[in-house]
Amino acid sequence: MSDFRRPTSIGEAVDLLSQGPIVIAAGCTDLFPATSASVLAGPVMDITGIAELGRVTQGPKGVRIGAAATWTKLVQTPLPPAFDMLKQAAQEVGSVQIQNAGTVVGNICNASPAADGVPALLAVETRVELTSTRGVRQVPLDQFITGLRQTALRPDELVTAVWIPAAATAGTSRFLKLGARAHLVISIVMVAVRLRIDAGHIVQAALAVGSCSAVATRLPELEQALHGLPVRDVAATVTEARVAPMLSPIDDIRADADYRISAATELLGRAVDHLVRPQRRAA
């Protein structure tokens, strides 16, 4: 490769981006399979040399996952139970080798409908940090991924991190995925659920579904229906009638649309039940 750059600071990286189109590389677990060539067409900028991008940190404002932080790094970092669903998703991302190299941010930039991390990131109100020579802006994740393999990233911008606000780090969470086999599989359906429960009632609910639309999506109507309910009443609330209107699954070789909606409803019900069961037993 004749033009390969490996900056050691964000400033150096965005300066390179401002000079013209350049391929951004981190884990490369999506980048390499996307090309049929024996090498990547240059120029290429490897961001793994920027130390701060490899960190996962927690502070008063929330949790920051740097753009070069791997799935393995995420799993190894102590985080509140609200992140259990993201760690569970991390352990479903390909093989251990993929988890060691692939990055959380790369997963959202690839913008696949079957990106394992996106439903869980949606359920913790994730914001995407975009940096250029013009400054830094933050975009909600549901506005960053705009369609199939499409994002709001501008040509001169680098995704430097994703931010999860402190208010979204409360509660417990669960990720479930359905595929044709247990591992190394593109999902048929996946769901992420975060619940905050107080005095036997649901005081906050965040539910998201992936692989059932061009873009993973939250389910606000179902979230609203769950809000305020005693834990004993939640099972009857997660119904296909509330789930289906927010989804637009396709028929493909893995499953048809009707099956995906039915499976999404079932997985959401299981995830919610898993989270309320300890409270229900204590009631």
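The values are calculated or read from the model by the stated rules, or taken from the named source; none is laboratory data. Quantities reported herein were computed from a predicted structural model and do not represent experimental measurements. All Cβ positions, glycine included, derive from the backbone under ideal geometry; neighbour counts span all protein chains shown. Side chains are part of the model used for accessible areas, which takes the heavy atoms of the whole protein and leaves out ligands, DNA and RNA. Shrake-Rupley method; radii C 1.70, N 1.55, O 1.52, S 1.80 Å.
A few notes on this one:
- Pair list, Cβ < 6 Å and 6+ apart or interchain, from segment 109-137 residues that are over 13 Å from residue 159 (Cβ atoms) to residues that are polar (S, T, N, Q) and open to solvent by 10 Å² or more (accessible area, probe 1.4 Å): 113/211; 114/211; 115/107; 117/107; 133/18
- Of all residues in segment 115-137, one or more are at pLDDT below 95, out of contact with any Asp or Glu (no Cβ under 6 Å at 6 or more places or on another chain), part of a loop (DSSP other than H, G, I, E, B) and not hydroxyl-bearing (Ser, Thr, Tyr).
- Candidate set from segment 143-161 (those that are within 17 Å of residue 112 (Cα to Cα) and touching a helix residue (DSSP H, G or I) at 6+ places or on another chain (Cβ under 6 Å)); member that is least open to solvent (accessible area, probe 1.4 Å): 159
- The set of residues from segment 236-281 being part of a loop (DSSP other than H, G, I, E, B), among the small types (Gly, Ala, Ser) and surrounded by 14 or more Cβ atoms within 10 Å (Cβ to Cβ) comprises 248, 255.
- Among the residues of segment 76-100, the ones that are open to solvent by 70 Å² or more (accessible area, probe 1.4 Å), in contact with a helix residue (DSSP H, G or I) (Cβ under 7 Å, 6 or more places away or on another chain) and not in a loop (DSSP other than H, G, I, E, B) come to 1 in all.
- Look at segment 182-207: where a residue is at pLDDT 95 or above and a partner is surrounded by 15 or more Cβ atoms within 10 Å (Cβ to Cβ) and among the acidic types (Asp, Glu), sitting 6+ places away or on another chain with Cβ atoms under 6 Å, you get 205/223; 207/223.
- Set 48, 29: member being open to solvent by 30 Å² or more (accessible area, probe 1.4 Å), over 20 Å from residue 137 (Cα atoms) and not in a helix (DSSP H, G or I): 29
- Cross-chain or 6+ apart pairs with Cβ under 8 Å, segment 257-268 first and in contact (Cβ under 8 Å) with a residue 60 or more places away in the chain, then assigned to a helix (DSSP H, G or I) and crowded, with 17+ Cβ neighbours inside 10 Å: 264/243; 268/222; 268/243
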